[in-house]
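Engineer: The structure under discussion is supplied below as C-alpha cells; questions concerning it will follow.
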Amino acid sequence: MEREKIKKIVAKHRHEKAAILAILHEIQEEDKQLGTESLNYIAQLLMMPVANVYGLASFYSAFSLRRKGNTEIRVCTGISCHIKGSDKIMGTMKSRLNIEIGETTWDEKFSLEKVQCLGLCAIGPNASFNSKIHAHLDEDRILEILKERMEDSE
C-alpha cells in the first residue's frame, strides 16, 4: 500500500497507539492484506516497536498477512456446523476453487477461510461470502451461491 494512504489513515486516528486495531482494519480493507512494508511504516508512524504491530496483525484472525480475494469465503467449522456437514461444504469449496484453506485464487477473486463460529449454530452449516451469511447449506447450495458470485465478479 502506498505510504501516503497509510499516513492519512494513521493521521485520521491522530497517531494514537490505542487506535492500532482500527488502523490495521482500515488498511486491510483498502489493500486486502497487511504487508510487511505497511506494518513497518505503521510502527514508524505510531512510534511503536515493529514486533508489537506485527504481533497484533498476526494474532487476530480478522487480519491477513497475505492478500485476500475480493470475495472472502468463511466456512464455519464449529461443532454444530461440523456435525451438520461443514466438512463436505469445505471440501466442495476447496475442490471447486482449487485452493486450500487460507489461500486465494490465482485471479484474486476468492479467498477461503475456516472459522469456528458465525453465530448461527441452529441453522448450520453456515458460510459467509464477505459479510453475507448463508445457512442450511449443502454441497449443491454452496455451489449455486459460488456460481452466482463468479458470475457477479465477471
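The values are calculated or read from the model by the stated rules, or taken from the named source; none is laboratory data. Because the structure is predicted, anything quoted here is derived from the model rather than measured. Quick reminder, even Gly has a Cβ in these numbers, built from the backbone with ideal geometry, and neighbours come from all protein chains shown.
Engineer: If you check every pair at least six apart or on different chains, which have Cβ atoms under 6 Å apart with a residue in region 49-70 that is polar (S, T, N, Q) first and a residue that is not in a helix (DSSP H, G or I) second?
Structural biologist: S64/Q33; N70/K109
Engineer: Of (1) small (G, A, S); (2) under 20 Å from the mean Cα position of the chain (by Cα); (3) at pLDDT 95 or above; (4) surrounded by 13 or more Cβ atoms within 10 Å (Cβ to Cβ), A43 satisfies all except one. Which?
Structural biologist: (2)
Engineer: The conditions are (1) small (G, A, S); (2) surrounded by fewer than 14 Cβ atoms within 10 Å (Cβ to Cβ); (3) under 14 Å from H25 (Cα atoms), and G55 fails exactly one of them. Which is it?
Structural biologist: (3)
Engineer: Out of all the residues in region 58-103, which are surrounded by fewer than 13 Cβ atoms within 10 Å (Cβ to Cβ) and of a type in the set (D, E)?
Structural biologist: Across region 58-103, the qualifying residue is only E100.
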